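The values are calculated or read from the model by the stated rules, or taken from the named source; none is laboratory data. It should be emphasised that the depicted structure is a prediction, and the values quoted were computed from it without experimental measurement. In this analysis, Cβ positions are derived from the backbone assuming ideal geometry, glycine residues included, and neighbour counts consider all displayed protein chains. We work out accessible area using only protein heavy atoms, side chains counted, and drop any ligands, DNA or RNA first. Shrake-Rupley method; radii C 1.70, N 1.55, O 1.52, S 1.80 Å.
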Number of protein chains: 4
Amino acid sequence: MAPEAPHTLFASDNAAGVHPAVLEALVAANQGHALAYGADAWTARATAQFRDLLGVDAEVVFTWGGTGANVVGLQCLLAPWQAVICPASAHIAVDECGAPERFTGCKLIDVPTEDGKLRPEQVERELHGVGDEHHVQPRVVSITQSTEMGTLYSPAEIAALADVAHANSLLLHVDGARIGNAVAALDEDLRRVIVDPGVDVLTFGGTKNGLMYGEAVVFVDPALGVNAHFVRKQAAQLPSKMRFVAAQFEALLSDDLWLRNARHANAMAALLAERIAPIDGVELLHPPQVNAVFARVPAAALAPLADWSFFWVWDQEQSVVRWMCSFDTTEADVERFAAGVAEIVAAHR
Amino acid sequence: MAPEAPHTLFASDNAAGVHPAVLEALVAANQGHALAYGADAWTARATAQFRDLLGVDAEVVFTWGGTGANVVGLQCLLAPWQAVICPASAHIAVDECGAPERFTGCKLIDVPTEDGKLRPEQVERELHGVGDEHHVQPRVVSITQSTEMGTLYSPAEIAALADVAHANSLLLHVDGARIGNAVAALDEDLRRVIVDPGVDVLTFGGTKNGLMYGEAVVFVDPALGVNAHFVRKQAAQLPSKMRFVAAQFEALLSDDLWLRNARHANAMAALLAERIAPIDGVELLHPPQVNAVFARVPAAALAPLADWSFFWVWDQEQSVVRWMCSFDTTEADVERFAAGVAEIVAAHR
Amino acid sequence: MAPEAPHTLFASDNAAGVHPAVLEALVAANQGHALAYGADAWTARATAQFRDLLGVDAEVVFTWGGTGANVVGLQCLLAPWQAVICPASAHIAVDECGAPERFTGCKLIDVPTEDGKLRPEQVERELHGVGDEHHVQPRVVSITQSTEMGTLYSPAEIAALADVAHANSLLLHVDGARIGNAVAALDEDLRRVIVDPGVDVLTFGGTKNGLMYGEAVVFVDPALGVNAHFVRKQAAQLPSKMRFVAAQFEALLSDDLWLRNARHANAMAALLAERIAPIDGVELLHPPQVNAVFARVPAAALAPLADWSFFWVWDQEQSVVRWMCSFDTTEADVERFAAGVAEIVAAHR
Amino acid sequence: MAPEAPHTLFASDNAAGVHPAVLEALVAANQGHALAYGADAWTARATAQFRDLLGVDAEVVFTWGGTGANVVGLQCLLAPWQAVICPASAHIAVDECGAPERFTGCKLIDVPTEDGKLRPEQVERELHGVGDEHHVQPRVVSITQSTEMGTLYSPAEIAALADVAHANSLLLHVDGARIGNAVAALDEDLRRVIVDPGVDVLTFGGTKNGLMYGEAVVFVDPALGVNAHFVRKQAAQLPSKMRFVAAQFEALLSDDLWLRNARHANAMAALLAERIAPIDGVELLHPPQVNAVFARVPAAALAPLADWSFFWVWDQEQSVVRWMCSFDTTEADVERFAAGVAEIVAAHR
């Protein structure tokens, strides 16, 4: 008999729904008419919240999704003969179907890393051919915080990347699809993780942290975003009934909901790691830093496990899986999932 | 003393909020986890509804917004050295900040029209240079139904355009941002307005007809959409938590809500026209065919009117305004708006 | 019996070969080795000649062809959400297979004209939607001198266009594929036709005026061309053995060869017009201003004429032809061509 | 006292001029008028020569330069959401300022190699995510023959790559900027190196093998090039006075001039290697396979050597240089160059 499946999926944090407070904000925003495209009170308020959180008069534009946010943010920084230095595992390099290259015209210089994190010396190694018309000209360093491999940059590590970028006339972009999980894990505030270390542009993720949809592109120096409205519209990323994006962010940024959601997801991943680690045949690749658990399982158990409670295999060859927790993962879900994994792995070694 | 303003805006149908049944569907869809990107039951059901409505096994992909839907639909039909023949007043030509040119690489051949409607002979006139490598090659005819100028194509008119297109190896794209208003006004069903006349690709609008967000790209012949999933992702138009787009369409397509919403908006525009027509100093340009009223007002009244209840001036030089009704415009709103217009115009002739 | 055909074609000035002095320069440049891509003495000298001719320290980059020159010049001035205002008959709008839209991402706003010439008031009429994110933002006015319809702008007319452009933060681009014919016809020098009236970027044509290949993009203010080398390389317009492009320009700009060639072609067109005008059944559309003659001939004569000495029909419906003279058209060619036209037209009225 | 410098540069084979027979063909082609854009007898003849050489009715289009040829060839094979698998050292990846990404919209998947050569198993390793809309879809394998590192693929190695490509619905593109050197070194004919192993598209280089300018894009299966004329024009790669490109190719393909030129350049590189190898302090990296010699020299000698007879450093960190021979390098040049290297290295160890 199959073990009882958990009520939530561990496939990805975007399998979760909408946080109740966010849904409530959506319902509340559905009152009367409001001008479209951002000329509404919700957008003004959510923008102000972002500026408060960052402590600077950033330019903030909201977009539909994460790929769109990256495309808009990068496009504002780049001419088409320039290039982006990023980890080879970056979402922009691997998971956006070439949208950044297509839209910016630029080359992505994909740098292999051990752990999804780019190091300053790796950036420096790619700074050749500067001024040579035959070579694309590096202009942006792009990192993901937290990374696609569940790892974290410390503020000091970000500062070191910003320093090498700025010393070479490059800009630093942070893909913050899971910025909440990172800030929560670092036990910091957004300003100290983004503004103080010198990040130039941040895409602030909402969808993976409890929103129905919506991301924000934050230009710490508003001069960098001076054309962001045109770029966003041409990228087809300008939401029509904008109040419903803004209202969600208003809820997310109120009372630290974004950090509370993220902290909870991180805690559930820690619990899952704790429960998974002792299982015979399962190898935890490293202690989770945010809300993702990477583990090696017996190859024969891969299919039965995914059949039971769906997730994607991270690395088929290495028999490595990624399990993610979200804002609404419960302790009971984790316990049930760990118990099921133990039972299924035992049966398929 | 200023007249009492209506409770809804007549600026655009996207100033409206979300229809209660759609909001209810969103709340209902927020149950548990569901795989992202369309691998969910809501998407399957909404897709099936579209196929039922059309009577063909169309390929249907959902996108965030209307510009995105046009971009995805057109990109699937075009190579970059080809061209789109469209009215000069088309949304794709005027209101999308060049997104179609940017994303497809194609030239839009903008044809001036009297009433926003393209005629077969105008298409034929642009079919020169075929096979000549110096000229872009016309490949798509794109029309908007109902048009940006509030006019309508009859099914026969669409069939005539489809015929001239197909006879010349071109395809017919319909921007259906307000397809509901058109089908309601024609008192037809979707199949007879789209499939039977030979439309190849339709972008079916949801946002202007009561959705929070979400549009659908419908490839009547699924072979035309065989790469739509890649195109959509690269265009950054793939919603992550897709169930919330699909759930809205499920509600919209159920019990003819899309037609009921549209019919109501159209009726309110008819009422508004009736109330506006007799006002001294106001000239109704033509009887409204769908949910937009175009009128000439005294130049001196433009600013006071917009200050009182905001709308955009359609043609400053001609002193022409566009007033739009939406699914939630009430008769009381219309009466109040017409009364206010009369009062303000009287004071500013 | 068919009349004797002329030894040169009147189809286009690019049917001509290479001026002997240019060919000689090519042969002379084939001495020993020279570094590629412009790091050679010929390129330095030809660049200096351009600066002398213009009287300013312009940035000058050489390209392969005319479409490439336009693409490089425009790309340096434009962000993809901007637009180019140009006559609907412009080469960039009609004859470059969409290369400008494709490469810059921008929309071309094609303005219908009577005579191929844009007027300041037509530019002003297109300056709406400025600052509105839904609309492409006009940034460049592009004119052709002499135009595709064989007409000319006076320096004062160019200055008026430059003034309206600059007053609205736009730049003025001149497609000078036939700039030699224009300057010769105006009996001016390049500085007074380009620099003094305020042109920002000129593409200076060589191919149609006696070169084997090669065009120059001239940024009057070198700051506008600061990225031209990267743009040119990415546009695949960087000639490898550059000395052979530069050597040709060196010959063309020496001893006013470019003006002498152009003057001759213009004179031959004037002679042709004189000979053609009296022919029964042939209507000269207007006296030629440069090297093109536009005439209406009997429809029945179109095919026999082109069969006899090939040219393209300019407007099939109107039965209008364009006949062009080049630097090597002789008086005997003109007399023979006119005689043949008379004979064939007489036989096909 | 400095040693006598050679009369030719060893910097690159594009520092050479034009082969006398090619120049003669250019002079001979300058007779009378010919229609532009390829509607001339030279183009017909050169195209026929290519087809004879290949033994198939290939589609052949001529372009200005090598980057342009690659861009046109690749664009014909690719949709923008697809990808190209190529060695990280490929010219398209490193030396074209991002033109391929910019023009095709596609991602280049740059695969690190030891020797500039891609292996079938490396291709297979990149064939993941097929059918997954989040990932670019590999569609083309691109190799360079001979490679940028002076190495060669055997026909069997090319066949193995073609097999793995075709088995996975990919196409094989060969950048043949130095295809002559490769075919000469293999002592084969073009058919056995290109057609028989299954290459789909070849860019056949002329400029580095004695032409003034001009490359050819060869679609072995003409169906792949069905849109090549439009793609070429939109890429601004359509030469106007085409006869002068075609006349050069006619000369190059006559009497095996392309192979004789290449064979000579290869032989000079072999001689150079022989002379360089015994020099104390100079390490030949590997015996030259074509016309490039890669050697490690004392770091202190780099600048003095380049000051004496210019070349580019290949790898500053490793103190590796690339010296290239061309069709016109003489034995005396080689002897003088080797002697100078010996003397300068001896003085700077």
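Tallying residues that are of a type outside the set (S, T, N, Q), part of a helix (DSSP H, G or I) and out of contact with any Lys or Arg (no Cβ under 8 Å at 6 or more places or on another chain) within the range B:241-250 yields 5. For the range C:34-44, how many residues meet the condition of being facing chain D (nearest Cβ under 7 Å) and in contact with an Asp or Glu (Cβ under 8 Å, 6 or more places away or on another chain)? Here the count works out to 1.
How about the range C:79-92: which of its residues are open to solvent by 10 Å² or more (accessible area, probe 1.4 Å) and free of Cβ contacts under 8 Å to residues at least 60 places away in the same chain? Passing the criteria: C:PRO80, C:TRP81, C:GLN82, C:ALA88.
The number of residues in the range A:49-66 that are in a helix (DSSP H, G or I) and under 22 Å from A:ILE92 (Cα atoms) comes to 1. Would you check if there is a residue in the range A:51-59 being surrounded by fewer than 22 Cβ atoms within 10 Å (Cβ to Cβ) and without any contact (Cβ under 8 Å) to a residue 12 or more places away in the chain? So far as the range A:51-59 goes, yes, one or more of its residues are surrounded by fewer than 22 Cβ atoms within 10 Å (Cβ to Cβ) and without any contact (Cβ under 8 Å) to a residue 12 or more places away in the chain.
Taken as a whole, the range D:62-72 holds no residue that is among the small types (Gly, Ala, Ser) and more than 24 Å from D:GLN234 (Cβ to Cβ). Residues considered: B:ARG51, B:ARG45. Of these, the only one that is at pLDDT 95 or above and over 23 Å from A:VAL18 (Cα atoms) is B:ARG51.
On the basis of being touching a Gly at 6+ places or on another chain (Cβ under 9 Å) and assigned to a strand (DSSP E or B), does C:ALA5 make the cut? The answer is no for C:ALA5. Among the residues of the range B:309-317, none qualifies, meaning not one is among the acidic types (Asp, Glu) and part of a helix (DSSP H, G or I). For the residues D:ASP196, D:ASP175, D:ASP187, the requirement of being more than 30 Å from C:ALA36 (Cβ to Cβ) and either among the β-branched types (Val, Ile, Thr) or modelled with pLDDT of 95 or more (or both) singles out D:ASP196.
For the range D:7-31, taking the residues that are more than 7 Å from chain C (Cβ to nearest Cβ), more than 30 Å from C:THR329 (Cβ to Cβ) and in contact (Cβ under 8 Å) with a residue 60 or more places away in the chain, the one that is surrounded by the fewest Cβ atoms within 10 Å (Cβ to Cβ) is identified as D:ALA21.
If the condition is being over 27 Å from the mean Cα position of the chain (by Cα), under 15 Å from C:HIS7 (Cα atoms) and surrounded by fewer than 16 Cβ atoms within 10 Å (Cβ to Cβ), then the range C:327-349 contributes only C:ALA339.
Taken together, the residues in the range A:227-259 that are more than 7 Å from every other protein chain (Cβ to nearest Cβ) and free of Cβ contacts under 8 Å to residues at least 40 places away in the same chain amount to 2.
Taking the criterion of being touching a His at 6+ places or on another chain (Cβ under 9 Å), open to solvent by less than 20 Å² (accessible area, probe 1.4 Å) and closer than 24 Å to C:TYR37 by Cα, the residues of the range D:292-326 that qualify are D:PHE294, D:LEU302, D:LEU305, D:CYS325, D:SER326. Evaluate the range C:93-108: report whether one residue or more is among the small types (Gly, Ala, Ser), open to solvent by less than 10 Å² (accessible area, probe 1.4 Å), within 14 Å of chain D (Cβ to nearest Cβ) and touching a residue at least 24 places away in the same chain (Cβ under 8 Å). Checked the range C:93-108: at least one residue is among the small types (Gly, Ala, Ser), open to solvent by less than 10 Å² (accessible area, probe 1.4 Å), within 14 Å of chain D (Cβ to nearest Cβ) and touching a residue at least 24 places away in the same chain (Cβ under 8 Å). Taking the condition more than 9 Å from every other protein chain (Cβ to nearest Cβ) and closer than 30 Å to A:ASP221 by Cβ, does A:ALA79 pass? No: the conditions fail for A:ALA79. Of the residues D:THR63, D:THR47, only one is within 14 Å of chain C (Cβ to nearest Cβ) and not charged (D, E, K, R); which? Residue meeting the stated conditions: D:THR63. Assessment of the range D:272-295 against the conditions (farther than 15 Å from D:ALA11 by Cβ, at pLDDT below 95 and in a strand (DSSP E or B)) yields no matching residue. Looking at B:LEU171, B:LEU186, B:LEU211, B:LEU202, just one residue is within 14 Å of chain A (Cβ to nearest Cβ) and either in contact (Cβ under 8 Å) with a residue 12 or more places away in the chain or in contact with a Lys or Arg (Cβ under 8 Å, 6 or more places away or on another chain) (or both), and that residue is B:LEU211. Here is the figure for the range A:218-229: residues that are more than 21 Å from the chain's Cα centre (by Cα) and under 19 Å from A:GLY65 (Cβ atoms) total 1. Considering D:LEU224, D:LEU253, D:LEU238, the condition of being outside any loop (DSSP other than H, G, I, E, B), closer than 22 Å to C:ALA99 by Cα, at pLDDT 95 or above and open to solvent by 10 Å² or more (accessible area, probe 1.4 Å) is satisfied by D:LEU224 alone. In the condition set (1) aliphatic (A, V, I, L, M); (2) more than 25 Å from A:HIS128 (Cα to Cα); (3) loosely packed, with under 15 Cβ neighbours inside 10 Å, D:ILE279 is compliant with all but (3).
Between C:ALA34, C:ALA69, C:ALA46, which is assigned to a loop (DSSP other than H, G, I, E, B) and buried (at least 21 other Cβ atoms within 10 Å of the Cβ)? Just a single option satisfies the conditions, and that option is C:ALA34.
Remark: B:ALA185 matches the filter, which requires a residue to be open to solvent by 10 Å² or more (accessible area, probe 1.4 Å), more than 18 Å from B:CYS106 (Cα to Cα), assigned by TED's automatic domain parsing to the domain that holds B:GLY55 and under 17 Å from the mean Cα position of the chain (by Cα).
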